[in-house]
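Peer 1: One structure, pasted below without further comment.
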């Protein structure tokens, strides 16, 4: 097999970095496999193979002895190739968003590692950590761990960031403060914790501590976790949570230790927040998917939401998708000729081109009009005039090139929501203005929060987490970020509290 052009160029120019990512690389891998000439580039410091259909890493990975950064996120990897652990110079290892089930104990051989990202896999057990003296960041969030990391004998004196959110962990060991004395950011939200050891308060450098989403037995602590800052939470843990030589909390609902009355006082706005719904806005990070707009294609094409704020789709169109059903990687908003655009419309069983769907809907509309004996079209059919005669139709593609939305007509059936949906992608498009999109999106978020979507059944007060996203042009220049600080300002809704998490 001849070398891929990216590999040939990297070899000819003696490059130290190479990136192989996206749908076109994925297609090559599915057809001929990964180009093994890649592993002859022994001067490489950084290798990025991301957002592809790659299911395994060849053993030849061990030949890249100068590699310092290995980025393999967003693929289909099911096994951790142990040859990776022979890369003695590796500092950054990112295997997030794959299908890994386990990590070998030999990861402890990699003494130069500073960052390990294993988030969004299927890992149910981590190996015991030993001496990793340079480790700064560990992310094993959104996996299936039931036990906390075994770091009792580890040397992790430089570890500052630990993310374990979204697992099934039931307890935190009391020795954490001894094993990770430099910890600044500790996220163990959305697990199964009931008790927090008092020794956690000995983490003197801790600035951000997330416990939200756990079923804590101490209701006062749970209230503080939801409403107050890390310092107040740690003060309470210090005075009221059991330590290793205790079986019961010192304080609980009582007075606690002498001189600790101040810690029992409610945090600012406690009483007000008891009555509020809460929306948490997560700051956009580099690994969060983006929407790329191909302006030369979509300019002048987009539609006119639905009733009320969307002015019957004349201002904007809203669509919702199950995020787990969308291929990893960035989305692209573009336009295609009617004969080229292809998708399986919502609630239909076979794929249509844009032209075929348009003609099918015209025929259905005419038959329905005659049946009802009316002179006007109804439902989705009344928006067909927006496409009539247009040389191209607007569409939203995922990273694999699959069309997931054809606004304002339909979404793809492949990304439709279901009762098992846990993460939702909200798509808002408009020809009118960016402001129209933001107004429609903000109204949707407000109604979603107030209706209690995603909150436990019967909950009096609802909560909602919203991930910021970027919109960029094809060159990667920033066009917009939503929700920004000026968005989601709900006038007349004093029972909604907005929390904006800072950049990590």
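All of the numbers you see were taken from the coordinates with simple rules; none came from a lab. Because the structure is predicted, anything quoted here is derived from the model rather than measured. Glycine also receives a Cβ, built like all others from the backbone with ideal geometry; neighbour counts cover every protein chain displayed.
Peer 1: How do 110, 222, 180 rank when sorted from fewest to most other Cβ atoms within 10 Å of their own Cβ?
Peer 2: 222, 110, 180
Peer 1: Now a separate question. Find the Rg to Rh ratio for the stretch 1-88, where Rh is the Kirkwood radius over alpha-carbon pairs and Rg uses the same atoms.
Peer 2: That ratio equals 0.92.
Peer 1: Normalising by the residue count of the stretch 106-247, find the relative contact order in percent from Cα pairs under 8 Å and 6+ residues apart.
Peer 2: Dividing the mean separation by the residue count of the stretch 106-247 yields 17 percent.
Peer 1: Going by how many other beta carbons lie within 10 Å of each one, how would you line up 39, 73, fewest first?
Peer 2: Ascending number of Cβ neighbours within 10 Å: 39, 73.
Peer 1: Project the alpha carbons of the stretch 124-257 onto their principal axes and report the range along each, largest first, in whole Å.
Peer 2: Reported extents, whole Å, longest axis first: 42, 26, 26.
Peer 1: Among 340, 466, which comes first, then next, by fewest other beta-carbon atoms within 10 Å?
Peer 2: By the 10 Å Cβ count, ascending, the order reads 340, 466.
Peer 1: How far is the Cα center of the stretch 438-459 from the Cα center of the stretch 93-123, in Å?
Peer 2: If we compute the Cα centre of each part, the gap is 36 Å.
Peer 1: So for the stretch 1-88: antiparallel DSSP bridges make up what percent, rounded to the nearest 5?
Peer 2: Of all bridge pairs located within the stretch 1-88, approximately 0 percent are antiparallel.
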